[in-house]
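The values are calculated or read from the model by the stated rules, or taken from the named source; none is laboratory data. Nothing here was measured: the structure is a model prediction, and the numbers come from that model. Cβ placement follows ideal geometry from the backbone for every residue including glycine, while neighbour counts extend to all protein chains displayed. Protein only, heavy atoms only, side chains kept; ligands, DNA and RNA dropped before computing areas. Shrake-Rupley method; radii C 1.70, N 1.55, O 1.52, S 1.80 Å.
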Amino acid sequence: MALTRHRGLSGPGWRLPRWPGWSRLPRESRDTLFLLGVIAWTVLPHVAHLPAWCTTLTAVVLLWRAALAVGGGTLPGRWLLVAVLAVAAGLTFMSFRTLLGKEPGVTMAVVLMALKTLELRARRDAFVVFFLGFFLVLTHFLYSQSLAVAAAMLVSVWGLLTALVLAHMPVGQPSLRQASRLAGRTALLGAPIMLLLFLLFPRIGPLWGVPKDGLSSTGLSDRLRLGSVAELAQDDRIALRLRFEGAVPPPQSLYFRGPVLGGFDGTEWRPQQPRFPQRLLPQAELRPAGPPLRYEMTVEPLRLPTLPLLEASPGAPQIEGYRVRGTADLQWLTDRPLAERLRFQAEAHLRFEHGPRDPVLGLQDYLELPAGFNPRTLEWAATLRRDPAYANAGALQLAQRVMRHIREGGYTYTLAPGEYGRNAIDEFWLDRKEGFCEHFAAAFVVVMRALDVPARIVTGYQGADPQPVDGYYIVRQSAAHAWAEFWQPGTGWMRADPTAAVAPDRIDRSLRLAPPPGLVAGAIDAVNPALLQRLREGWEAVNNRWNQWVLNYSRGQQLEVLKDLGFESPDWQTLAKLLVIALSTLALIGAGWAWWDRHRIDPWTRQREALLRTLRRLGIQAEAHDAPGTLAARVRSRHGSAGEPLAALLDTLQSQRYGRDARRQPDPSLTRSFQAAARGLSPDAAR
């Protein structure tokens with residue numbers, strides 16, 4: 001990149017410069033505009049994370065710098081840039097209440113990158129911009145490591161390397177295509193080392209980051225208000241992927257257990273806070289039946305330390321870097337929130353019983369109802385109990401009666417039931433009768449407790465997409481679900497899903513309610529209903545390969561690769577030794593190639609040395625650093641019109657080597673013509 005000081009534009013009537021056309025731009029302007037385009041592309045994915053003022057400031061500065069490049073305007077003074085930087089620092093502090101951390105740091109890095117473009121006066125300024133750009137590329141992976149972000153940043157790296165190549169070619173008019181090809185070849189030369197480091201460098205815990213890196217902004221929660229699951233069910237992002245060993249279970253068997261909620265204050269459900277000693281509380285007491293179902297699960301980052309395993313899992317899966325423990329309510333918890341994508345093997349028993357068969361004092365916790373809430377629903381339950389047919393009914397018979405009321409009571413399953421008031425269960429159960437899964441589950445639990453039957457809410461996911469993508473069944477956030485459990489003497493806890501009574505296709509066929517599509521999705525669906533689904537499945541298949549082969553490449557997989565290579569019991573020391581040997585071998589190969597490259601003669605060099613020898617025999621001073629145009633002037637000065645053919649050939653060489661359409665290889669015929677023209681001159685034939 002040729003960088004010189006811009007010419008000044010004086011006078012009060014300065015206007016925006018007219019675009020002269022890309023091919024007519026001076027090289028300095030062209031290279032500057034290319035660099036600005038690369039910077040804009042690199043910053044663009046950060047727009048969603050930046051304050052509005054930062055995005056606006058960056059856009060204004062880049063457009064201003066582009067106008068200066070086209071019109072040859074004067075760069076602003078240093079004090080103006082310092083003032084803008086100080087204002088940006090103040091706005092950053094106002095936006096985040098700190099200058100430390102991920103968001104403030106990225107914001108300031110973007111501002112510095114933009115302002116530095118207004119200081120492009122020398123090559124060292126350009127190098128600062130290049131390496132700020134490489135740093136910004138890395139910051140994108142603090143927010144997302146998806147395939148789309150990786151592809152966008154690969155383009156950014158290629159563009160920055162192209163700009164770097166141009167900066168190292170200060171002479172002539174190299175094309176962007178030539179520079180980009182050289183940048184691509186250079187990057188490919190480093191690809192084997194990159195691949196080797198990826199495969200063999202020991203996987204260790206993250207060395208940098210902030211506690212919330214990677215956490216999902218939506219997902220399951222350990223709190224439940226009416227309407228919260230319906231809001232989550234409109235999120236079509238992937239929550240987890242499954243690959244089964246053997247037969248695939250039917251959709252109605254796919255219950256993925258998340259937080260269990262037993263405490264209720266009249267408005268919000270939360271985990272039960274026990275009132276009794278641990279020895280008096282109900283324990284898990286899982287009693288599986290039949291053979292286990294083995295499967296592989298890939299879980300996307302969550303904001304909870306909860307593994308939504310398929311019900312019911314008899315043991316904790318082995319997950320590298322995490323400690324997993326089971327709870328008395330059959331949850332599986334990790335020692336910290338799931339801040340990264342996890343892949344592991346697990347097993348489940350689809351037929352099972354769990355919980356105590358005989359009454360324990362701790363079951364009283366699951367009978368509690370807040371005073372002063374939902375009096376009409378409590379009266380409805382009391383009326384049912386006074387019915388002679390149910391006066392002495394057991395828990396199972398009462399649950400069946402409540403489910404029949406839901407099925408036959410005119411209830412509607414909807415994503416948009418509207419807001420409910422203080423006595424939400426009363427309004428839902430007796431008046432409006434419109435709700436999503438959490439409305440039905442919460443009402444069922446309240447009624448069962450009012451009937452003196454211990455009950456609780458279970459949240460998680462239910463069902464999966466009907467067709468696998470790339471061999472994996474996909475469970476989306478829209479599959480978030482809430483169901484109920486009640487306690488039956490002699491059996492333990494039993495699952496009851498009121499949604500199955502009012503919307504059986506939701507459970508039996510995984511047919512979920514969907515929000516209205518957006519403008520683009522709606523247009524595609526109107527033209528070809530299957531096209532949008534095929535496009536999504538194709539993208540998810542590619543993205544799954546990226547997740548499985550790149551993002552989920554763990555230490556265990558590294559050791560499996562070594563076993564495939566013939567190592568019997570590899571460990572991290574084996575990895576380190578193999579990595580050192582491989583890098584040393586590559587270093588020796590690189591040193592040998594550098595020695596050979598240093599000693600081989602470039603075709604341009606061979607041609608130049610032949611021409612210099614010919615000129616020296618003619619008595620013309622010719623040094624290795626002299627450009628062909630300089631030598632042509634000396635020929636004309638010494639030999640006049642007689643030397644014009646020779647000088648014209650040197651001018652042609654200047655154009656072929658350094659002109660706008662420079663050749664990649666020298667023209668052999670020019671050397672022969674030069675030798676022929678030189679024979680007609682004598683060393684003493686000076687004008």
MRE, 222 nm, helices only [DSSP H, n ≥ 4, -39500 (n - 2.57), over the chain, to nearest 500]
-14500 deg cm²/dmol
What list of ³J(HN,Hα) couplings, whole Hz, do you get for the stretch 455-470 from phi and the Karplus terms 6.51, -1.76, 1.60, once you set θ to phi - 60° and write x for glycine and proline?
8, 7, 9, 10, 10, x, 10, 9, x, 7, 4, x, 10, x, 10, 6
Which of Y390, A576, H639 sits closest to the plus end of the dipole of the chain, meaning its Cα is farthest towards the positive end, when Lys and Arg get +1 and Asp and Glu get -1 on the C-beta?
H639
Residue-normalised value, i.e. accessible area per residue, for the stretch 295-377 at 1.4 Å probe, in Å², stands at 43 Å²
In terms of the charge dipole of the stretch 576-665, which places +1 on Lys and Arg and -1 on Asp and Glu at the beta carbon, the residue among S655, L588, I620 farthest towards the positive end is L588
For the stretch 392-403, Karplus-derived ³J(HN,Hα) couplings (6.51, -1.76, 1.60; θ = phi - 60°; whole Hz; x for glycine and proline) come out as 10, 5, x, 4, 5, 5, 5, 4, 5, 5, 5, 5
How far is helix 555-564 tilted, in degrees, relative to the longest principal axis of the Cα atoms in the chain, given as a value from 0 to 90 rounded to the nearest 10?
70 degrees
Segment L361-A247, length gained on full extension (0.36 nm per residue, minus Cα span)
36.9 nm
Where the only charges are on Cβ atoms (+1 Lys, Arg; -1 Asp, Glu), what is the dipole of the chain about its Cα centre, to the nearest 20 debye?
3700 debye
If each part is reduced to its alpha-carbon centroid, the stretch 29-72 and the stretch 330-363 end up apart, in Å, by 51 Å
Taking R0 as 45 Å, what FRET efficiency do you get between R509 and Q278 from their Cβ-Cβ distance, rounded to the nearest 0.05?
0.60
Once phi is turned into θ = phi - 60°, what whole-Hz ³J(HN,Hα) does the Karplus curve with 6.51, -1.76 and 1.60 give for every residue of the stretch 636-649, x standing for Gly and Pro?
5, 5, 8, 10, x, 5, 5, x, 4, x, 5, 5, 4, 5
Additional length obtainable on full extension of the chain from D236 to A676, 0.36 nm per residue less Cα span:
150.8 nm
Any idea what the dipole of the stretch 223-335 comes to, in debye rounded to 20, about its Cα centre with Lys/Arg Cβ at +1 and Asp/Glu Cβ at -1?
300 debye
Please label the shape of the chain as rounded, prolate or oblate, based on the square roots a ≥ b ≥ c of the eigenvalues of the alpha-carbon gyration tensor (a/c under 1.5 means rounded; beyond that, a/b larger than b/c means prolate, else oblate).
prolate
Could you compute the net charge surrounding P274? Neighbours are other residues with a C-beta less than 12 Å from the C-beta of P274; K and R count +1, D and E count -1.
-1
Antiparallel %, DSSP beta bridges [both residues in the chain], to 5:
95 percent
Given H placed on each backbone N at 1.01 Å, which residues far from T491 in sequence or on other chains put an amide H within less than 5 Å of it?
none
Collect residues whose amide H, placed 1.01 Å from N in the peptide plane, falls under 5 Å from the amide H of G258; neighbours closer than 5 in sequence don't count.
T459, G460, Y461
Accessible area of the chain with a 1.4 Å probe: how many percent of it is carbon plus sulfur?
59 percent
Among L68, A48, A239 - extreme Cα towards positive end, dipole of the chain, charges at beta-carbon
L68
Please give, to one decimal in nm, the separation of the simple spin-label points placed at R351 and T327, each 7 Å out from Cα toward the Cβ.
2.9 nm
Between 0 and 90 degrees, rounded to the nearest ten: what's the tilt of helix 668-679 against the longest Cα principal axis of the chain?
20 degrees
Separation of the stretch 395-418 and the stretch 235-306 by C-alpha centroid, Å?
23 Å
Rounding to the nearest 20 debye, state how big the charge dipole of the stretch 48-173 is about its Cα centre with +1 on each Lys and Arg Cβ and -1 on each Asp and Glu Cβ.
200 debye
Over the chain, calculate the relative contact order: mean separation of alpha carbon pairs under 8 Å at least 6 apart, over the residue count, as a percent.
13 percent
